[in-house]
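The values are calculated or read from the model by the stated rules, or taken from the named source; none is laboratory data. None of the values given here were measured: they were computed from a predicted structure. Ideal geometry is used to build each Cβ from the backbone, glycine not excepted, and the neighbour counts take in all protein chains shown.
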Amino acid sequence: MHLAIVEARAPARPPDPNLIREILGELRPRYAYTHSLISALAERLEQDRAALASAAAYIVCTSLTDGGRFARPPARPQSPEQRQGRQERRQETKRQAKRLAAKVKATLLLDTVVTLLSGEEKPLRFCYGGEIEALGIAYSRIAERVGDAMVGEVLCEPEVKALFARAVNV
């Protein structure tokens, strides 16, 4: 196997934050001017991939704030029209969230998980009539309508709701 393939499959090591400090410690005595030190460091980073990754990690970590996020630019002052538009968008978002919550609350009876007498659990739509007939009045009525087929193949959601409602009213 070629060495490049083995290296590509090897898990990446996290960058060592002290590596840049060590490299700078080596280079600093040799170069008197900052510009020449920067050039020497850039040359070293071109040759050493681990040092480059360490430098990138150092730059990113020093650019981040305490919370682990990049610092936000200062907020621009907003005009009254912009503030009103923002409030309207927030209200519309809240209305949409309420509509979505109402849809989620409307549970589908065909998707409710039923525990069969054998202890197996599966959604009502995938149960056969013979499996659910002993589970109670509502389920026995569904089993009568379905026979030996699956509930989801024979009945739709409104029919299942109507059968449950009739069983509750009896």
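Out of the stretch 123-132, which residues are surrounded by 14 or more Cβ atoms within 10 Å (Cβ to Cβ) and out of contact with any strand residue (DSSP E or B) (no Cβ under 8 Å at 6 or more places or on another chain)? Within the stretch 123-132, 129, 131 qualify.
Return yes or no: is residue 152 assigned to a helix (DSSP H, G or I) and either in contact with a Leu (Cβ under 8 Å, 6 or more places away or on another chain) or among the hydroxyl-bearing types (Ser, Thr, Tyr) (or both)? Against the criterion (assigned to a helix (DSSP H, G or I) and either in contact with a Leu (Cβ under 8 Å, 6 or more places away or on another chain) or among the hydroxyl-bearing types (Ser, Thr, Tyr) (or both)), residue 152 qualifies. Residues that are at pLDDT 70 or above and farther than 15 Å from residue 49 by Cβ within the stretch 1-20 comprise just one, 18.
Condition check ((1) exposed (fewer than 10 other Cβ atoms within 10 Å of the Cβ); (2) modelled with pLDDT of 85 or more) across all residues:
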site	(1), (2)
22	no, no
63	yes, no
79	yes, no
84	no, yes
107	yes, no
112	no, no
121	yes, yes
134	no, yes
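Checking each residue in the stretch 24-36 for being surrounded by 13 or more Cβ atoms within 10 Å (Cβ to Cβ) and either among the β-branched types (Val, Ile, Thr) or touching a residue at least 12 places away in the same chain (Cβ under 8 Å) (or both) picks out 24, 27.
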